[in-house]
Amino acid sequence: MIAKRLAWGWLVVMLGIALLAPWLSPNPPAQSLFDPLAPPGPGLPLGADALGRDFLARMMVGARLSLLLTGLAAAVTLIVGGLAGFSAAIVGGRYEVAINWLSNVLLAIPGLLLAMLFVAAWGPGIAAVILAVGIGFAPSFGRVTRSIAKSLLEEGYVMAAQAIGGDRLWITSRHLLPNSLPQLASYAGTYFAWAFLAVTTLTFLGLAGDPSIPEWGALLDSSRSHLQSAPRLAAAPALAITLTVLAVHAIASKEPVP
Amino acid sequence: MQFPKRRGAWRLGLACAPFLLGLVAACASDPSPGRELSYGLTLAPTGIDPHINASVELGIPLSSVYDTLVFQDPDTGAYVPGLATDWSISADGLTYSFVLREQVVFHDGTRFDADAVKANIDYVLDPDHRSQKAAAMLGPLHEVEVLGSYEVAFHLDRPYAPMLDSLSQVYLGMASPSALETWGPAEYQFHQVGTGPFRFIEYLPNDRLVLERNPDYAWAPEIYRRDAPAIDRITFRFFEDPATRALALEGGQVDIIGELPHLEADRLAESSEFKVDPVLIPGQPLQLIFNTERTPTDDPRVRRALVLGVDRSRIVDTVFGGYSAAAVGPLSASTFGFAADPAFPPYDPEVAAELLEQAGWALSDGGGPRRMGDAELQLGLVVPPWGSNPEVGQLVAAAWEQLGAEVTLTVAPGFGPLNEARAQGEYSAIGMNSFGTDPDLLRPFYDSEGFFNWSGFRDPELDALLEEAAAAFDSPDRREALYKEFAEQVRDQWLILPVRDYVNLVGSSQRVEGLRFSPQGWFPYLNDLELQP
């Protein structure tokens with residue numbers, strides 16, 4: 001329970017920073033105002049990066065970017081995967097077979113590789129990262145959704161609803177969706193954590209296209225060159241990414257989110 | 001990993017070195033055997049046939065595989081005999097006659113003679129071979145005439161001042177005509193044969209390139225300090241990620257490596273085990289070329305504002321430490337034809353803001369980018385991945401945002417994507433430059449029909465000026481004056497944002513002695529290298 005509270009605490013702080021970054025940040029994140037790799041000091045708690053920019057300011061804007069990108073990517077996963085899963089379960093027949101086949105094919109390719117293929121096809125950029133991660137995780141989420149929906153279809157009350165002549169749309173909205181939500185929400189949390197890791201991995205690999213974007217993965221990438229002289233620059237985003245993923249996992253695991 | 005093993009064996013060899021040395025010194029004046037050196041390259045070129053490919057990186061190993069007809073003295077800039085012992089230029093500048101050195105043999109045993117010279121030039125000029133650089137370096141050459149076994153004449157359509165400079169570079173190094181014929185343009189890059197101090201052993205793309213001492217080398221040009229190489233074998237490996245370079249040197253994977261990041265160079269320079277040589281690279285500075293065909297950079301006032309709004313000195317200090325000078329014009333300061341006088345002006349954000357106002361780009365009330373009517377001041381900046389371009393790009397983009405522009409920065413992952421972005425034309429500024437000792441290298445960038453005319457600026461007068469400068473073969477003073485005039489025009493039109501004169505920070509182990517570079521800056525004289533035990 002303590003772990004869960006800590007996790008919530010960390011996430012709330014991160015969200016607060018993400019929302020208020022432009023007002024909280026002491027210096028503009030893109031301007032080179034200090035010496036390269038200036039050490040931490042008053043008004044500069046994390047020091048400056050190799051281009052003389054306030055690293056804390058970049059981390060703060062990075063929190064906003066990382067969470068926003070992940071949120072959008074997770075939304076794509078939930079919408080695409082959820083729609084495919086529900087529709088497969090309800091429609092059944094050849095359609096279900098086709099969806100199954102497609103998701104099997106996509107699942108055979110590791111998610112990260114799939115995401116990189118997407119980026120390679122569309123060219124680097126923020127939108128590509130979001131779509132790549134979102135669609136990359138959609139097949140496995142679609143599978144989960146489908147199996148949950150299928151098990152609900154076997155329930156007596158759903159059969160009863162079918163027996164009294166309820167159509168598919170009504171059954172889905174009245175019975176399937178509300179009853180699968182608690183389970184799906186728990187999975188959604190897990191997917192958010194995975195998506196977070198995937199987004200930061202892709203930006204770490206430079207697939208966001210613009211190196212000035214202070215997303216945490218990109219920050220970790222540019223700090224890597226100065227591991228010896230300024231390890232704090234790599235430690236800060238690495239720690240932030242790890243803690244966020246842990247926090248989301250801690251919250252999403254075991255019992256459903258209230 | 002096989003490397004540590006080999007190194008271990010080598011150390012064992014070193015332990016016995018005093019005995020061996022004594023033995024060798026007793027029976028021969030030859031350098032001690034078994035000396036190996038590892039050299040770190042920083043870019044894996046797509047092709048390494050110097051006659052066909054254009055990369056600078058290929059010249060680092062291959063400048064010592066080939067000899068050239070002439071060499072340029074790095075200290076005086078004068079041309080000295082190489083494979084040609086003597087030469088003369090006709091009064092009209094249209095014929096260059098060369099007397100060739102006799103008794104020179106290629107690494108494959110083929111004799112070097114006038115036919116070999118002709119075969120080389122024909123290979124380069126063959127349109128099917130699509131030479132990216134060497135053919136252009138020959139300018140208006142239309143024929144090589146064999147006058148005798150060891151005498152050739154180069155016939156030109158127009159006088160061409162850069163001729164000797166071109167012939168002194170690896171791109172026009174003399175290759176074995178039989179090897180060229182055997183392998184052809186697709187395969188020759190893996191089987192290169194020259195007359196130089198080192199023989200080409202193997203090339204595995206992205207992995208390694210190996211050279212071995214040419215035991216028959218007896219025709220070293222006077223600019224080499226040794227008559228023959230002291231190192232037996234040199235292995236080149238690729239370290240494209242800047243973060244790995246200093247580590248490779250410190251970890252003993254390489255003995256020499258170029259393009260160190262400046263912070264790492266500082267660290268290495270302080271240590272007693274390594275030294276750092278800052279080597280000036282002539283040619284164009286690191287620069288951003290403005291797109292004059294697309295709004296808003298079609299307006300010279302906007303281009304001028306974008307130059308004045310960037311604190312180039314500060315950017316150069318931040319990204320390159322104290323090692324580089326801020327660039328002031330289309331040529332870097334170490335290049336022939338550079339003029340300090342028509343300099344791009346320093347940082348002046350107030351004037352920059354005024355210019356943008358004059359051009360109609362007004363600050364908008366609610367923050368956000370400047371506007372003209374409905375249009376927002378949006379700039380697209382595209383930079384290549386090499387030579388700290390991405391870092392410079394970030395700081396330039398930040399400076400332009402300070403001026404009230406919205407900037408999209410894109411790092412193209414290689415020359416191919418960069419050229420694609422150029423072809424799409426949706427950039428306001430793009431990073432590209434070339435290196436070389438002769439200022440005629442400007443022509444592809446500024447001539448109306450030039451391959452690198454990425455500014456889209458076309459002016460017959462500018463073309464004529466460059467043509468005249470290239471033709472002034474008999475008067476360096478006249479050439480200098482013309483390039484000065486040219487630099488003025490480039491500045492008055494604000495065609496580029498010059499950022500930094502290139503300096504290659506080369507790190508090497510203290511064991512390495514005799515590391516010197518050709519006038520082009522990038523290419524080491526491998527022949528002169530020595531390794532202390």
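When peptides B:270-281, A:35-46, A:136-147 are sorted by average Cβ neighbour count within 10 Å, with the highest value leading, the order is A:136-147, B:270-281, A:35-46.
Taking only the alpha carbons of the protein assembly as shown, we obtain Rg and Dmax values of 31.3, 108 Å in that order. Projecting the Cα atoms of B:TYR171, B:ALA186, B:ALA339 onto the charge dipole of the protein assembly as shown (Cβ charges, centred on the Cα centre) puts B:ALA186 farthest toward the positive pole. Distance between the C-alpha centres of the range B:272-328 and the range B:372-433: 14 Å, rounded to the whole angstrom. Between the beta carbons of B:GLU376 and B:GLN103, assuming R0 = 60 Å, the FRET efficiency works out to 0.30 to the nearest 0.05. In the context of the full set of protein chains, the protein assembly as shown has a per residue accessible area of 42 Å² (1.4 Å probe). Using the rule -39500 (n - 2.57) for each DSSP H run of four or more residues, divided by the residues of chain B, the 222 nm mean residue ellipticity is -9000 deg cm²/dmol. At 1.567 mPa s and 4 °C, plugging the Kirkwood radius over alpha-carbon pairs of the range B:286-501 into Stokes-Einstein gives what diffusion coefficient in µm²/s? Value of D from the Cα-based Kirkwood radius: 74 µm²/s. Mean per-residue shielding of peptide A:224-233 is 3, counting Cβ atoms of other chains within 10 Å of each Cβ. When a 1.4 Å probe is rolled over the protein heavy atoms, the share of accessible surface on the range B:286-501 that falls to carbon and sulfur comes to 48 percent.
What total accessible surface area, summed over both chains, is buried at the interface between chains B and A, computed with a 1.4 Å probe and given in Å² to the nearest 100?
Numbers: alone 21950 and 13150 Å², together 33560 Å².
Answer for the B-A pair: about 1500 Å² buried.
Need one value for A:70-82: mean number of C-beta atoms belonging to other chains within 10 Å of its residues' C-beta atoms.
Values: counts 0, 0, 0, 0, 0, 0, 0, 0, 0, 0, 0, 0, 0.
What the average comes to for A:70-82 is 0.
The magnitude of the dipole of the protein assembly as shown, with charges of +1 and -1 set on the Cβ of Lys/Arg and Asp/Glu and taken from the Cα centre, is near 4340 debye.
Over all pairs of different C-alpha atoms, chain A has a mean inverse distance whose reciprocal, the Kirkwood radius, equals 20.0 Å. Look at the stretch A:26-37: the mean tally of other chain Cβ atoms within 10 Å of its residues' Cβ atoms is 3. Diffusion coefficient (Stokes-Einstein, Kirkwood radius over C-alpha pairs, 37 °C, 0.692 mPa s) for the range B:413-469: 266 µm²/s, rounded to a whole number.
Only residues of the range A:131-150 count here: report those whose backbone N is under 11 Å from the spot 7 Å along Cα→Cβ of A:ILE109, or say none. The answer is A:136, whose backbone nitrogens lie closer than 11 Å to the label point.
Which value, in debye to the nearest 20, describes the size of the charge dipole of chain A about its Cα centre when Lys and Arg Cβ atoms bear +1, Asp and Glu Cβ atoms bear -1, and nothing else is charged? Walk me through the numbers before you get to the answer.
Details: 14 positive and 11 negative charges, 71 e Å.
That gives chain A a dipole magnitude of about 340 debye.
Maximal additional length on extending the B:ASP459-B:LEU204 stretch stands at 87.3 nm, based on 0.36 nm per residue less the C-alpha distance. Put simply, the amide H of B:PHE238, placed in the peptide plane, has neighbours under 5 Å in B:LEU41, leaving out anything fewer than 5 places away on its chain. What you get for the range A:1-77, charging only the Cβ of Lys and Arg (+1) and of Asp and Glu (-1), is a dipole of about 320 debye around the Cα centre.
Extending 7 Å from Cα along the Cβ direction at A:LEU24 and again at B:GLN532 yields two label points whose distance is 5.5 nm.
The values are calculated or read from the model by the stated rules, or taken from the named source; none is laboratory data. Every value quoted in this text rests on a predicted model; they were computed, and no experiment measured them. As a convention, Cβ positions derive from the backbone with ideal geometry for all residues, glycine included, and neighbour counts pool all protein chains shown. What goes into the accessible areas is simple: the full protein's heavy atoms, side chains included, and nothing from ligands, DNA or RNA. Shrake-Rupley method; radii C 1.70, N 1.55, O 1.52, S 1.80 Å.
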